[in-house]
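Since the structure comes first, as structure tokens, the remarks are kept for the end.
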Amino acid sequence: MVDCKENAYMDGMRDAELAVAWKLLMCRCFSTMSIEILSNASPGDFLMLLMTRHKQEIAWALQNENFSEEKICHIAQISPAEINAPYRPRYTRKQYMREVATRLREEGVSRPDICRMTTLGAELLSDDNWQCYEEHYAKGYTDALYETVWRMDKAKYCTSTVHQITGLSLQEIGRVLSQCEFLCRARQLAKNDDDFEAFKSACELSDSVISTVLRG
């Protein structure tokens with residue numbers, strides 16, 4: 001169950017990082033390097049996202065030239081559903097696979113075969129475990145957004161831009177940044193490690209976000 005929680009948390013973080021990367025790509029005013037730094041998306045995930053975006057742009061250009069959908073899909077090597085589709089997170093895919101698993105169970109398919117066909121771990125077939133997955137996924141997603149807030153603020157982007165990219169409210173962004181500033185001041189004011197640990201324990205941010213802030 002511990003692995004399930006950790007996997008859910010990491011799924012949430014990766015989805016948030018790619019959602020941020022996708023929004024930055026859509027803005028068309030950020031360099032590839034800036035997007036990678038601000039989103040913290042892994043190189044492999046970001047490359048796949050970039051390829052999807054390039055395919056969409058080719059498809060849109062072909063649409064403007066009045067090519068048929070069939071020819072657009074052939075030339076751009078993209079499916080009709082992908083032409084205007086946003087980034088599809090891991091959560092959405094797993095949620096879909098759980099629905100498939102339910103239908104397979106109704107057809108009398110065995111649990112091991114369901115796991116094999118849906119690529120879901122057996123633990124995610126349980127409703128209670130799925131609820132636990134959702135909770136830890138949400139924590140990971142939120143933490144990744146908070147880390148993006150910190151990186152964008154460090155890069156001197158205005159609060160309205162941070163709001164546009166992360167989808168967080170201005171109030172929440174302000175709260176996150178005040179906690180980040182508290183940590184930075186605490187590191188300067190602390191007399192020793194124990195003193196600093198006391199400051200850290202008073203911070204409302206998660207260990208992951210705290211580590212990102214302290215790395216500078």
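Go through (1) outside the structural domain of A19 (by TED's automatic domain parsing); (2) small (G, A, S); (3) buried (at least 17 other Cβ atoms within 10 Å of the Cβ) for A101 and report which single condition fails.
For A101, the failing item is (1).
Residues of region 35-46 being touching a residue at least 40 places away in the same chain (Cβ under 8 Å) and of a type outside the set (V, I, T), which ones?
L38, S39, N40, listed by residue number.
Can you pull out the residues in region 132-186 that are on the phi > 0 side of the Ramachandran plot and buried (at least 16 other Cβ atoms within 10 Å of the Cβ)?
Residues satisfying the conditions do not exist here.
Pairs only if they're at least six apart or on different chains, beta carbon under 9 angstrom, first in region 132-151 and more than 10 Å from S206 (Cα to Cα), second surrounded by fewer than 21 Cβ atoms within 10 Å (Cβ to Cβ) and among the β-branched types (V, I, T); list them, first residue then second.
Qualifying pairs under 9 Å: E147/T212; V149/I173; W150/T212; R151/I37; R151/T212.
Filtering region 199-216 down to residues that are modelled with pLDDT of 85 or more and hydrophobic (A, V, I, L, M, F, W, C), which residue is surrounded by the fewest Cβ atoms within 10 Å (Cβ to Cβ)?
A202
Looking at L120, is it over 19 Å from C27 (Cβ atoms), touching a residue at least 24 places away in the same chain (Cβ under 8 Å), outside any helix (DSSP H, G or I) and not polar (S, T, N, Q)?
Judged against the criteria, L120 is a match.
Within region 66-80, identify whether any single residue is touching a helix residue (DSSP H, G or I) at 6+ places or on another chain (Cβ under 9 Å), within 19 Å of E123 (Cβ to Cβ) and surrounded by 13 or more Cβ atoms within 10 Å (Cβ to Cβ), and answer yes or no.
No; the residues of region 66-80 include none that is touching a helix residue (DSSP H, G or I) at 6+ places or on another chain (Cβ under 9 Å), within 19 Å of E123 (Cβ to Cβ) and surrounded by 13 or more Cβ atoms within 10 Å (Cβ to Cβ).
Write out, first by first residue and then by second, each pair whose Cβ atoms fall under 7 Å of each other, whose residues are 6+ apart or on separate chains, and whose first residue, in region 69-98, is over 30 Å from A8 (Cβ atoms) while the second is among the basic types (K, R).
A76/K55; Q77/K55; I78/K55
With the requirement that a residue be over 14 Å from I165 (Cα atoms), among the charged types (D, E, K, R) and over 17 Å from the mean Cα position of the chain (by Cα), what does region 20-63 give you?
Within region 20-63, K55, E57 qualify.
Where in region 1-116 are there helices (runs of 4 or more DSSP H), lying wholly inside it, with at least 1 residues that are at pLDDT below 95, of a type in the set (D, E) and under 18 Å from A144 (Cβ atoms)?
Once the helices (runs of 4 or more DSSP H) in region 1-116 are filtered for at least 1 residues that are at pLDDT below 95, of a type in the set (D, E) and under 18 Å from A144 (Cβ atoms), what remains is 2-27, 32-39, 43-64.
The values are calculated or read from the model by the stated rules, or taken from the named source; none is laboratory data. On a predicted model such as this, the values are computed, not experimentally measured, just so you know. Reconstructed Cβ throughout: ideal geometry from the backbone, glycine too, with neighbour counts over all protein chains shown.
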